[in-house]
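First up is the structure itself, then whatever we jot down about it.
The values are calculated or read from the model by the stated rules, or taken from the named source; none is laboratory data. Nothing here was measured: the structure is a model prediction, and the numbers come from that model. Please note: Cβ atoms are built from the backbone with ideal geometry, for glycine as well, and neighbour counts cover all protein chains shown. Side chains are part of the model used for accessible areas, which takes the heavy atoms of the whole protein and leaves out ligands, DNA and RNA. Shrake-Rupley method; radii C 1.70, N 1.55, O 1.52, S 1.80 Å.
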Amino acid sequence: FERIPDDTLLDDVLIPMKIISRGYRVVFEPAALAYDLAAASPRQEFVRKVRTIAGTFQLFAREHWLFNPFRNRVWFETLSHKGLRLLTPVLHAVILVANVGLLSIPAYRWLLAGQVAFYLAAATALVLGQRRTVVLIRVPYTMCLLVWATVVGFVYFATRQQQVTWD
């Protein structure tokens, strides 16, 4: 076991990653039981996601070896599961700008219309209350909520506003 900094936000990720970095395997016991309460509201889920995402930014800022496929045996899993999630706000913005920039091409008009419909569905779920909507509206809402949580999580990480302990 290697001690981790006291202000670590994602100790449940950092500890196994440190074990992997030393050449050991991390295995999960299939018979182990864990209990966690589901978020009672979208607001609670948002707060949980912001904390987790701020912790992921912290993890990547501190543990540069995670980006090295020769040092990180789970490099692909780390970047695809944790890293790409951090890029979703940028990717959404790039797609929107690209669609607007390519409006002279008919196919991109349809793609922009689809993207605008996606964001309108999310806004509709926000206004109506996410739990009272159909799946076609709930999915865009949830995805946009996660994108916004990524933005807020980055701000919390950059300004060191995220608390280490859970409320």
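Considering each residue of region 17-38, count those that are basic (Lys, Arg) and either touching a residue at least 40 places away in the same chain (Cβ under 8 Å) or open to solvent by 70 Å² or more (accessible area, probe 1.4 Å) (or both), and give that number. Residues that pass the stated criteria total 2. Report yes if residue 146 is modelled with pLDDT of 90 or more and under 20 Å from the mean Cα position of the chain (by Cα), otherwise no. Yes, satisfied.
Residue under question is residue 74, and the condition is that it be over 16 Å from the mean Cα position of the chain (by Cα) and either closer than 17 Å to residue 146 by Cβ or β-branched (Val, Ile, Thr) (or both); does it hold? It is true that residue 74 is over 16 Å from the mean Cα position of the chain (by Cα) and either closer than 17 Å to residue 146 by Cβ or β-branched (Val, Ile, Thr) (or both).
The C-beta contact set for region 107-129 (first residue open to solvent by less than 70 Å² (accessible area, probe 1.4 Å), second residue β-branched (Val, Ile, Thr) and part of a helix (DSSP H, G or I), distance under 7 angstrom, 6+ apart or interchain) comprises 112/100; 115/95; 121/137; 124/137; 125/137.
When the residues of region 39-61 are filtered to those that are surrounded by 13 or more Cβ atoms within 10 Å (Cβ to Cβ) and among the basic types (Lys, Arg), the one that is farthest from residue 129 (Cα to Cα) is 51. Does residue 94 fit the bill of being open to solvent by 70 Å² or more (accessible area, probe 1.4 Å), more than 17 Å from residue 47 (Cα to Cα) and at pLDDT below 95? So residue 94 does not fit the description; no. Considering the conditions (1) modelled with pLDDT under 90; (2) farther than 22 Å from residue 142 by Cβ; (3) buried (at least 17 other Cβ atoms within 10 Å of the Cβ), residue 14 is excluded by exactly one of them, (1). Only one of the listed residues (19, 4, 53) is within 19 Å of residue 164 (Cβ to Cβ), of a type in the set (A, V, I, L, M, F, W, C) and touching a Phe, Trp or Tyr at 6+ places or on another chain (Cβ under 9 Å). That residue is 53.
Residues in region 1-39 that are among the aliphatic types (A, V, I, L, M) and in a loop (DSSP other than H, G, I, E, B): 4, 9, 10, 26, 27, 31, 32, 33, 34, 37, 38, 39. Pairs are defined by a Cβ separation below 6 Å, a sequence spacing of at least 6 or placement on different chains, a first member in region 146-167 that is in contact (Cβ under 8 Å) with a residue 12 or more places away in the chain and within 15 Å of residue 10 (Cβ to Cβ), and a second member that is aromatic (Phe, Trp, Tyr) and surrounded by 16 or more Cβ atoms within 10 Å (Cβ to Cβ); the pairs so defined are 149/46; 154/57; 157/57; 162/156.
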